1. Any lysines with Cα under 24 Å of the LYS122 Cα? List them, leaving off those in the same chain fewer than 8 positions away.
2. Within the set of other residues whose C-beta is less than 12 Å from the C-beta of VAL293, count the net charge using Lys and Arg as +1 and Asp and Glu as -1.
3. Out of the stretch 50-94, which GluC sites (Glu not before Pro) are coil in DSSP terms and have no more than 16 other C-beta atoms within 10 Å?
4. To the nearest Å, what is the center-to-center distance of the stretch 323-394 and the stretch 83-137, using C-alpha atoms only?
5. Among ASP287, ASP362, ASP158, ASP381, what is the fewest-to-most ranking by other Cβ atoms within 10 Å?
6. For the stretch 199-287, which trypsin sites (Lys or Arg not before Pro) are both in a DSSP coil and crowded by at most 12 other Cβ atoms within 10 Å?
7. Taking the Cα centre of each part, how many Å lie between the stretch 202-245 and the stretch 286-307?
8. Among SER286, GLN374, VAL363, whose Cα sits farthest toward the positive end of the charge dipole of the stretch 238-394 (+1 at Cβ of Lys/Arg, -1 at Cβ of Asp/Glu, about the Cα centre)?
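Each reported figure results from applying straightforward, stated rules to the coordinates on display, with no laboratory input. Predicted model only: the values in this text are computed from it and were never measured. Because the Cβ atoms are built from the backbone with ideal geometry, glycine has one as well, and the counts that use them run over all protein chains shown.
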Amino acid sequence: MTANTRRTWISWAALAALGATLAQPGWAQDSTFKVGLILPMTGQQASTGRQVEAAARLYIAQHGDTVAGKKIELIVKDDTGLPDVSRRLAQELVIKDKVGVLAGFGLTPLALAVAPVATQSKTPLLVMAAATSSITEASPYVLRTSFTLPQAAVVIADWAPKNGIKKVVSLVSDYGPGVDAEKFFSEQFKKNGGEVVESLRVPLRNPDFAPFLQKVRDAKPDALFVFVPSGAGAAIMKQFVERGMDKAGIKLIGTGDLTDDDQLNDMGDGALGVVTAHHYSAYHPSDLNRQFVEAFKKANNNLRPNFMAVGGYDGMHAIYEALKASKGEGSDALLKGFKGLSFESPRGTVTIDPETRDVVHDVYLRKVERKDGQLYNVEFDVVKAVKDPGKAPK
Ligand code: DHB
């Protein structure tokens, strides 16, 4: 056994022992409940970390820091977007800090790296950002308040052919959520009589879209369907417009990650008219959302909340409700408290499916428009209570 494998083995043994301890009644006598928030606070996905953390802190500020007799303590750790770091941080949070829930997870590989830690230690793992369908199947302790790519991809694939788009090229980031978006978009689009003439995959890290966009231009589709993760939308939008693709008659459609509220207002007029499907727009016309957007901006130097923020805000809401339901108990009692929760969110009604532990929510069709001098995703249609199409029917 090398020192390294021994260390790994020891931490796994400690996790298993801790799992047994946490499952005992009496653990709840501790008067603090710790939330371990693991997020990319630096690196390419830093905007996700900033949005989720700010929203979680806002929820606590608005709703008090005592729940079921326990004081909520938020511990934020920067995983820099690297799965090995996420896993090590999760092990430390569970063993040393004795957190009651692991939360955050800005990219799919980061959530997947931590799922075994949740299983071993019987700690609920709440995904507030990542969105590959299969993440909830990586451990029976995983729950989600973000979204899944299939939820959004199927809705835009139903809309497009009814609106003059018959021939499409798809372009996605080459990892879990991109593969989901490509598959669920193209299957549904073909079912609706559409044709996907080319499926392009671009690297997740520092992509250069130019050679891919040249291929799109040559294929002359009615539209380009895009999935890129939060933070990457502005770059592809810029290159799309610079190459005159819109002028050449190619429309841009996608999941709402493309017209991310964190960047949308700086994308310029080239973004006007882009139609996407997603579960959250900062322009969503409800009182609860208006209050949320206003409070979020006030607390964060006028930063506009995006769909990552609403995942974090609803995630804290879910933690509060689950903890009330478990009367302050952690582990399996807390897990049970999450299942079947349903509440009003700035996005609309959110439910945690008790069978799949995945989020169920409304998916909106939105078009980028200028409102009050700013660019927004303006909702014009909705599909209610969308379950993740990626889960096999039971
Ligand atoms: C994922 C990350 C994103 O930023 C996004 O918008 C969608 C999915 C992910 O890695 O799961």
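1. LYS34, LYS70, LYS71, LYS77, LYS96, LYS98, LYS324, LYS327, LYS336, LYS339, LYS391
2. +2
3. none
4. 20
5. Going from sparsest to densest Cβ surroundings: ASP287, ASP381, ASP158, ASP362.
6. Values: sites: ARG201, ARG205, LYS215, ARG217, LYS238, ARG243, LYS247, LYS251; in loops: ARG205, ARG243, LYS247.
Within the stretch 199-287, the qualifying trypsin sites (Lys or Arg not before Pro) (loop, at most 12 other Cβ atoms within 10 Å) are ARG205, LYS247.
7. Between the Cα centres of the stretch 202-245 and the stretch 286-307 lies a distance of 30 Å.
8. Projecting each Cα onto the dipole axis, the largest value belongs to VAL363.
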